[in-house]
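One structure below.
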Protein chains: 2
Amino acid sequence: MENSCELCIYRSYLFDNLDKKEFALLTLSKKELEFRKGSIICREGEKIKSFLYLKQGLLKIYKNVDNRREQIIGITKPKDFIGLLSAFNETTHLYSISALEDSSVCVIDIEAIKNLVIKDGSFALNLLGKMSKINDQILGTRLNINLKNLRGRIAYILLMFREIYKSEIYDIPVSRKEIAELIEMRTENVIRILSELRKDKIIRIEGKSIEILDLHRLEQIAEFG
Amino acid sequence: MENSCELCIYRSYLFDNLDKKEFALLTLSKKELEFRKGSIICREGEKIKSFLYLKQGLLKIYKNVDNRREQIIGITKPKDFIGLLSAFNETTHLYSISALEDSSVCVIDIEAIKNLVIKDGSFALNLLGKMSKINDQILGTRLNINLKNLRGRIAYILLMFREIYKSEIYDIPVSRKEIAELIEMRTENVIRILSELRKDKIIRIEGKSIEILDLHRLEQIAEFG
DNA sequence: TCGCAGATATGATATATATCAGAAATGTTA
DNA sequence: TAACATTTCTGATATATATCATATCTGCGA
C-alpha cells in the first residue's frame, strides 16, 4: 500500500514498535489532509474526532480572547502531535489550530488510537512519554517567556525560528501582531524592538525576511534581557 | 491487609477498575509518607523513582529562578497526582515540591505504574485522560492569570482557595510572598492590593485569616480586573 | 525574655510597557 | 488602475507595576 504508515518517512518514533497488523489498522484509520497557509484545521469547542499529527509545515495553536485578539499558545513543528492531546481528556478542542505555512496533516481516527493504547501496552507507555514531553515543553516555554522582559522575548522568538528553520536566515512565518500574541506583548512594541535590534546591528530585517547577524549577542539578550 | 489501596477511601477513580491482583501489586509497591508543613518532598533535578499521589494536605510545585526567588507553578489538591507526570518523559524531576500544610502522600514505585500501563489497557487510557486533564488545567491557569491585571490575579487566588476549602472563611496557607510567586507579581503589590480590597470591604483580613465579604464583587474583579 | 530575621505594611519614585495618534508601505478587492 | 484595508513603523504620552525606603509587627531560637 503506497499510503502505508509503516513506510512513511515522516513517521514519529512513537509508531516505531507497532507490528504489521497494527500498522495496517493505522493506515486504514488515517487520512492525510493538506491545509493552505492561513486555513483553519479546527476550532475551539468543536468535537474531537481525530488525533492529529503534523507531517510537514507549521501550525499555530491559539485561543480567542476577544473579538480582535488571539492568544497563541504554541507553534507546532513537523513530527509533533497536535492539540496538546487533550484528546484523552476533553471531548471538545480546547484550542483552535490554523496553518502558518502550507501544511500536511495526518488525521487518525481517535478510536483507532484508543484501541492501540488498550491493546498495546508499550505503545501506551510511549504515548504517555510523548504527551508528557509536549506538555512540559509548552508549559516550560510559557513560564520562561514570562520571566523575560520584552527584548528578551523577541530574542527568544527569533532564536526559536532559527531552531525550526535550522538557519540564521529565514522568512518569519508570522506577522508582528502574531509575534505579539505569542509572547504576550503589544504589536507596536514588537515592531519597535525589532527596529532597535536592527539599529544595533544584531539582526537584519526586510519585511518578513530575517537574518541573525550577531548570534551571540542575541542569545545574551534572550537570556538576560 | 489494612493498608490496601483497594479499600482506601482517598483513592483516585483512576484505580477504580483494577482487579484483585493489580490492587495487590499496587499495595505492595506503595508507601505512605507524612510530610510536615514546610518540608520538601522532592527537588528539581533529582531522579524520579516514584509516582506521587496526594491523599491529604496541600502541596506547592515550584522552580527556583534565582537565589532569593521561586516560581510557583501550581498547587496540588488532595486526590491529585503530583509532578505533572513528567515521570513518563524525563528521568529527573523538572520541579521541586513542598508541603504547604501537613500532608499525606502515597509514594508508588514508578515501575509498578509502568507495569500497570503495559498490562492493563484501560488503566493506560484512564491515566492518559487524567494526565491530559492536569496538564490542561495548569496551562489554562497560567494563560488565564497572565491575561489579568494584578487586582484580577489576587481576586482569582482568593477564589481559588475558596474552592479548595469550600468556604468563604479560611486561613490562607501561603505567605504574601508565595502568592506573589504564584501569580507573577511582587510581594509589595500583593500586600497593597489585599489592603485595597479590605478598604473596599470586599474581604476581611487578619494575618493569615481571610473572609470573603462580597463574593459577587470579587468574582467581577477576577473576571474583569 | 531578649534580640533578630522575616513577614507585613505603606508611601514615594522609577521604569517598563501599553496606549494613542498619525504616516508610510504593502497587500487586496473591485 | 483605483480605492481601501491591513500591516508596518515611529513618536508622544499615559498607566500599571516594580523598585526603593522605611516602619511595624510576628514568630522563633538562644
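Just so you know, all these numbers are worked out from the coordinates, no wet-lab data involved. Source: prediction; values computed, not measured. Because the Cβ atoms are built from the backbone with ideal geometry, glycine has one as well, and the counts that use them run over all protein chains shown.
The modelled label-to-label distance for the pair B:K177/A:Q56, using points 7 Å beyond Cα in the direction of Cβ, is 5.5 nm.
Express the C-alpha Rg of the protein assembly as shown as a ratio against the empirical globular expectation 2.2 N^0.38 Å, rounded to two decimals.
Numbers: Rg = 23.5 Å, N = 450, 2.2 N^0.38 = 22.4 Å.
With N residues counted in the protein assembly as shown, Rg over 2.2 N^0.38 Å equals 1.05.
Other residues with beta-carbon under 10 Å from the beta-carbon of B:Y13 carry, at +1 per Lys or Arg and -1 per Asp or Glu, a net charge of +2.
Each listed q (0.08, 0.09, 0.13, 0.18 Å⁻¹) maps to a log10 I(q)/I(0) for chain A from the Debye sum over equal C-alpha point scatterers, namely -0.33, -0.42, -0.81, -1.31. When the Cα positions of B:N189, B:V174, B:S209 are compared along the charge dipole of region B:149-224, B:N189 comes out farthest toward the positive end, with charges on each C-beta of Lys, Arg, Asp and Glu. Modelled this way, with points 7 Å down the Cα-to-C-beta line, the labels at A:E44 and A:T187 are 1.9 nm from one another. Working note: Karplus 6.51/-1.76/1.60 with θ = phi - 60° gives region B:57-62 the couplings x, 8, 10, 10, 10, 8 Hz, where Gly and Pro are set to x. One Cα centroid belongs to region A:187-212, the other to region B:23-88; the line between them spans 43 Å. Within region B:1-52, the ratio Rg/Rh, alpha carbon atoms throughout and Rh by Kirkwood, equals 1.03.
Give, in nm to one decimal, the length gained when the segment between B:E101 and B:E32 is fully stretched (0.36 nm per residue of separation minus the Cα-Cα distance). Can you show the working numbers first?
On the way: separation 69, 0.36 × 69 = 24.84 nm, distance 1.62 nm.
Roughly 23.2 nm would be gained on extension.
Taking Cα centre as origin and charging only the Cβ of basic (Lys, Arg, +1) and acidic (Asp, Glu, -1) residues, the dipole magnitude of the protein assembly as shown rounds to 840 debye. Can you figure out the FRET efficiency of A:K208 with B:D214, using R₀ = 56 Å and their beta-carbon distance, to the nearest 0.05? Efficiency for this residue pair is about 0.65. In terms of other Cβ atoms within 10 Å, A:D16, B:D109 run from fewest to most in the order A:D16, B:D109.
Within the straight-line cut-off of under 14 Å between alpha carbons, the aspartates and glutamates reachable from B:K20 are B:E6, B:D120, sequence neighbours fewer than 8 places apart in one chain being disregarded. For trypsin sites (Lys or Arg not before Pro), the sites in region B:129-225 that DSSP calls loop and that have at most 15 other Cβ atoms within 10 Å are B:K166, B:R186, B:K201, B:K208.
I need the calculated FRET efficiency for the pair B:F224 and A:K79, taking r as the beta carbon distance and R₀ as 45 Å, to the nearest 0.05. Working shown, then result.
Values: r = 41 Å, r/R0 = 0.91.
My answer for the efficiency is 0.65.
Helices meeting the span-like rule in chain A (full DSSP H runs, Cα extent of at least 30 Å along the helix axis, mean Kyte-Doolittle score of -1.0 or higher): A:121-147. Shape annotation for region A:13-145: C-alpha extents along the principal axes are 48, 31, 25 Å, from largest to smallest. Per q in 0.22, 0.25, 0.27 1/Å, what log10 I(q)/I(0) does a Debye calculation on the alpha-carbon atoms of region A:149-224 return? Per q value, in the given order, log10 I(q)/I(0) is -0.98, -1.33, -1.59.
Net charge near A:K47, counting Lys/Arg +1 and Asp/Glu -1 over other residues with Cβ under 14 Å of its Cβ? Neighbourhood net charge equals -3. Sorted on the mean count of surrounding Cβ atoms within 10 Å across their residues, most packed first, peptides B:23-34, A:34-45 read B:23-34, A:34-45. Put a dot 7 Å past the Cα of B:S122, heading toward its Cβ, do the same for A:I118, and the two dots end up 0.9 nm apart.
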